[in-house]
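Written below as C-alpha cells is the structure these notes are about.
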C-alpha cells in the first residue's frame with residue numbers, strides 16, 4: 001500500500017525522461033500507473049465492504065507519534081478510486097492536449113507528484129501525515145496552476161491559490177494538533193472511535209473553527225471561493241483533475257472524514273449548512289453570468305463543493321447518502337465536461353461560448369458526450385446526477401432547523417445549474433457554424449477516451465444504481481456517518497416533494513436557458529459584484545502585507561549595522577532581565593572567590609583591551625586591542641581546561657585579523673561622526689549587555705536545576721562513541737544533526753558574504 | 001595588495017603551507033580522541049592559505065587550491081549530509097555512528113567511522129566558507 005501511494009512520487013522522477021523517450025505515445029504509457037493503482041484499490045472493495053475499515057501500519061517517526069499508517073475505508077477508497085481512475089484519463093488526455101508542448105515532460109513530473117500527494121492525503125491514518133500530504137497538494141497544485149509560468153496572469157493566479165490554501169492550511173495544522181492532544185492520539189482510526197471526546201472538550205469550538213478554516217479555503221467555500229475560478233489559468237487537464245476528483249475535494253474529504261468525531265453539533269450544522277448553501281448559490285449564480293466554457297464549469301464546481309459541505313453539515317442519514325452519491329456523480333460529469341471543454345477550446349481556439357456554434361457535425365463524439373455529461377449535471381433522469389439531486393432535495397427538506405433556507409437555495413441553484421448545463425451542451429454545438437481562430441475538427445482519441453468513458457459511467461450508474469451503491473458509496477456513507485447504513489440507489493422514488501422540486505428545477509432551468517442572453521445581459525451589467533467581491537479583500541490584504549513588509553524593512557532591516565546590533569542587544573537584555581528579575585527573583589551567588597594571580601592578570605588584560613578598543617581613534621589600534629581581548633579569552637579557555645575551545649578561539653582571532661586587514665583598506669578615513677549624546681546612548685546599550693551577562697553568570701553559578709547532561713555524555717563518550725575527546729564526540733556524533741544545521745548556516749553565511757561583495761563589485765563595474 | 005609580500009614572507013609561506021596542511025590533517029584525524037577535529041582543522045588550513053594569499057596573490061592562491069572554495073563548501077555539505085545515511089540501511093536512525101576499527105600493523109588501530117566522514121565534511125565546509133569570504137574580499141581589493 002505504501003508503495004502504491006508513493007509510486008506517484010517515484011514515477012514523477014522518471015516521468016520527464018520517459019516523456020522525452022516515448023514522445024507522443026508517452027501519455028498512454030504513463031497512464032498505466034494510475035490504471036494499475038485503480039485496479040489495486042478496487043481489489044480492496046470486498047474487504048472494505050465486509051470489515052468497514054482496514055488499517056495498514058508503517059512506522060515513520062515513532063518518536064514523534066507520526067506514522068505512515070494507511071486507513072482504507074469506504075471514504076478513502078471512494079476517493080482513491082476517483083483519483084486513480086480519473087487520473088488515468090487525465091494523463092492520456094494531457095498527452096493529446098499538450099502534444100508537443102515544450103514543458104510536457106515537466107508537466108507529467110508535477111502531475112504525478114500531485115496525484116501521489118492526493119492519494120496520500122486521502123489514505124493517511126495519521127493527522128500529521130495527512131497534513132504533510134495536504135500541503136504537498138497545495139504546493140504541487142501551485143506548480144500546476146502556474147504551469148504557463150511565462151504568463152503573468154497565470155503566475156498571479158497560482159500565487160493566489162497557494163496563499164489562500166496555505167493560509168488555511170496553517171489554521172488546519174493548529175486544529176489537527178489540538179485534535180491530537182484532545183483525543184490523545186494522532187491516529188484517525190482512534191480519534192474517530194473516541195465518541196464524544198472531541199465534542200465534549202472545551203476546545204471543541206476552537207478545533208472546529210481552525211479545521212474548517214483549512215477545509216473552507218481548500219474547498220473554495222464562500223468567502224474564499226475566488227481563487228478557484230482563477231485556477232483555470234492551468235492547462236485544461238489540470239483543471240479537470242483539480243475540480244473533479246482532487247485538490248478542491250480535499251477539504252470536503254476532511255470534513256467528511258472528521259464528521260463522526262466533530263459533526264452532529266449545532267455549530268457544525270449551522271456553519272457547514274449555511275456556508276455550504278451560500279457557496280452553492282454563489283457558484284450557481286456566478287456560473288449563470290459567465291461566458292467562458294471553463295469559467296462556467298469552474299463556478300459549477302463551487303456549486304458542487306457548497307452542496308457537499310452543506311450536506312455534510314446537515315449530517316442526517318439522507319444527507320450523508322446524498323453527499324457521497326453527489327460526490328461520485330459530480331466527479332464523473334465534471335471531469336468529462338472539463339475535458340470536453342478543453343477539447344472544444346483546443347480544436348477551435350476560443351473559450352467564449354458566445355463565439356461558438358454549429359460544432360455538432362464537426363465534433364459529433366464531443367457533442368454526444370457533452371450532452372450525456374450535461375444531463376447528469378442538470379440532474380435529469382436517467383442519469384446518475386438525477387439520483388444525486390433527488391437525494392440532495394430529500395436531505396435539505398429533512399435538514400433540522402434550516403430546512404426552508406437550504407431547500408430554497410438548493411432549488412434556485414438547481415434551476416441555474418440546469419440552465420447552464422443546457423447552455424454548455426447546446427450552444428456550442430447547434431445553430432450555424434461560427435468563425436473560430438482555428439478550423440475545428442474532432443479531437444484525437446486520447447482526448448475523447450476519458451469523457452466518453454466517464455459520461456457512459458454517469459449513464460450506467462444512473463440506470464444500475466446498485467453498482468456504485470454496493471461497490472463503494474455504501475461503505476463510504478458508513479465511514480462518514482459513523483455507523484452502518486443500508487444504501488440503495490435507484491431512479492424512481494415515487495411522487496414526492498423531492499421529485500416536485502426536481503421538476504420545478506428543470507422547468508426553471510429551461511426558462512432561464514431560453515432567456516439566457518437577456519439574463520446574461522442583466523447580470524453582466526452588475527459589475528459591483530466584481531468590484532466588491534471577497535477578491536478585493538484578498539488584494540487589500542496582500543497590499544497591506546507588502547506595506548507591512550516594507551515598513552518593517554525600513555525600520556528594522558535598514559542596513560545600518562549599529563541598528564541591528566542595538567536591536568539584537570536590547571532585545572536580549574530586556575528579555576533576559578525580565579526573566580532574571582520577574583521569573584527567577586534576582587538570585588546572586590558569589591561563590592568562593594578563589595583565583596590565582598595569572599587568572600586575574602589575563603582578566604585584566606581582557607578588560608584593558610576592551611576599554612582601549614572602544615576609545616582608541618586608530619583603526620589598527622582597535623584591531624590590535626580586540627585581538628588582545630580575543631587571545632585573552634582563548635587563554636581563559638586553556639586555563640579552565642577547554643583546549644578545543646582555546647584553539648578554535650585562537651584560529652578565529654587569527655582569521656579575524658586577516659579579514660580586518662583585507663577590509664581595512666576599503667574603509668574611509670577615521671572620522672568621529674557620532675554626537676556625544678549618541679556615544680552615551682551606545683555606551684549605555686553596550687554596558688547593559690555587560691551588566692546582564694554578569695548578573696546571568698552570578699545567577700547560574702549556584703543553581704543546579706537538573707543533573708548536568710555533561711556527566712552522562714562524558715560517561716558515554718568512549719563506550720558509545722569510541723572517542724576520548726568529548727567536545728568532538730558531541731559535535732560529530734551525539735549532536736551531529738545540530739552540527740549539520742550549523743554547517744548549513746556557515747555555508748549560507750559564506751555564500752551570503754560572497755554575494756554581497758560580488759554584487760557591490762559588479763555595481764561598481766557598471 | 002598584489003604581491004605585497006616580502007621575500008621573507010614568500011619563502012616562509014611556501015614552506016609553511018605544506019606543513020600547515022599536514023598539520024591540519026593531523027588535527028582533523030586525531031580530533032576524536034585529542035583536542036582537534038574538523039572545525040579547528042578547517043580553520044588551520046584556511047589560515048595557511050590566507051598566509052599564502054598575503055605572500056602572493058589571489059590568482060596564485062586559487063591555482064594552488066585547485067578547486068573553487070564554493071565547490072569545496074558544497075562538497076563538504078554533501079559529504080556531511082551523506083555520512084548520516086548509511087545507518088539507515090542497518091535499521092538505525094539517521095546519523096547513528098558506525099565504526100570499522102582496523103588494525104594497521106606497525107601503526108596501531110585506525111578507527112574508520114561515519115563520524116570521521118562527517119568531520120571531513122565539517123573540515124571542507126569551514127575551509128570552503130572561510131576561503132570564499134577571504135578570496136572575495138581580496139578580489140574586491142584588486
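The values are calculated or read from the model by the stated rules, or taken from the named source; none is laboratory data. From a predicted model like this one, the values you see are computed outputs, not experimental measurements. Virtual Cβ from ideal backbone geometry, glycine too; neighbours counted across all protein chains shown.
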Looking only at the stretch A:269-280, decide whether some residue is touching a strand residue (DSSP E or B) at 6+ places or on another chain (Cβ under 9 Å), modelled with pLDDT under 95 and under 25 Å from residue A:165 (Cβ atoms). no
Anything in the stretch B:74-112 that is facing another protein chain (nearest Cβ under 9 Å) and either surrounded by fewer than 12 Cβ atoms within 10 Å (Cβ to Cβ) or in a strand (DSSP E or B) (or both)? List them, or say none. B:99, B:101, B:111
All but one of (1) in a helix (DSSP H, G or I); (2) surrounded by fewer than 10 Cβ atoms within 10 Å (Cβ to Cβ) hold for residue A:661; which doesn't? (2)
Regarding residue A:200, is this residue without any contact (Cβ under 8 Å) to a residue 24 or more places away in the chain and over 26 Å from residue A:69 (Cα atoms)? yes
Is the stretch A:405-412 home to any residue that is without any contact (Cβ under 8 Å) to a residue 40 or more places away in the chain and more than 28 Å from residue A:286 (Cβ to Cβ)? no
Any residue in the stretch A:142-154 that is surrounded by fewer than 17 Cβ atoms within 10 Å (Cβ to Cβ) and either part of a helix (DSSP H, G or I) or touching a strand residue (DSSP E or B) at 6+ places or on another chain (Cβ under 7 Å) (or both)? yes
For the stretch A:639-656, give me the residue count where each residue is part of a helix (DSSP H, G or I) and either facing chain B (nearest Cβ under 7 Å) or surrounded by fewer than 16 Cβ atoms within 10 Å (Cβ to Cβ) (or both). 10
Condition first: without any contact (Cβ under 8 Å) to a residue 12 or more places away in the chain and within 11 Å of chain A (Cβ to nearest Cβ). Now tell me which residues in the stretch B:34-72 satisfy that. B:34, B:35, B:36, B:68
Of the candidates A:699, A:677, A:686, the one satisfying the condition of being without any contact (Cβ under 8 Å) to a residue 60 or more places away in the chain, more than 7 Å from chain B (Cβ to nearest Cβ) and in a helix (DSSP H, G or I) is A:677
Residue A:109 is checked against (1) farther than 13 Å from residue A:26 by Cα; (2) under 22 Å from the mean Cα position of the chain (by Cα) and fails just one. What number does that condition carry? (1)
Of all helices (runs of 4 or more DSSP H) fully inside the stretch A:1-84, the set with 3 or more residues that are closer than 22 Å to residue A:446 by Cα is A:2-22, A:26-30, A:32-42
Restricting attention to the stretch A:41-54, does a residue exist that is at pLDDT 90 or above and either surrounded by fewer than 15 Cβ atoms within 10 Å (Cβ to Cβ) or assigned by TED's automatic domain parsing to the domain that holds residue A:468 (or both)? yes
When (1) without any contact (Cβ under 8 Å) to a residue 60 or more places away in the chain; (2) facing chain B (nearest Cβ under 10 Å) are applied to residue A:728, the one that fails is (1)
From the list A:331, A:318, A:298, A:277, which residue is over 26 Å from residue A:217 (Cβ atoms), in a helix (DSSP H, G or I) and in contact (Cβ under 8 Å) with a residue 40 or more places away in the chain? A:318
Being at the interface with chain A (Cβ under 10 Å from one of its Cβ atoms), part of a helix (DSSP H, G or I) and at pLDDT 85 or above: is that true of residue B:115 here? yes
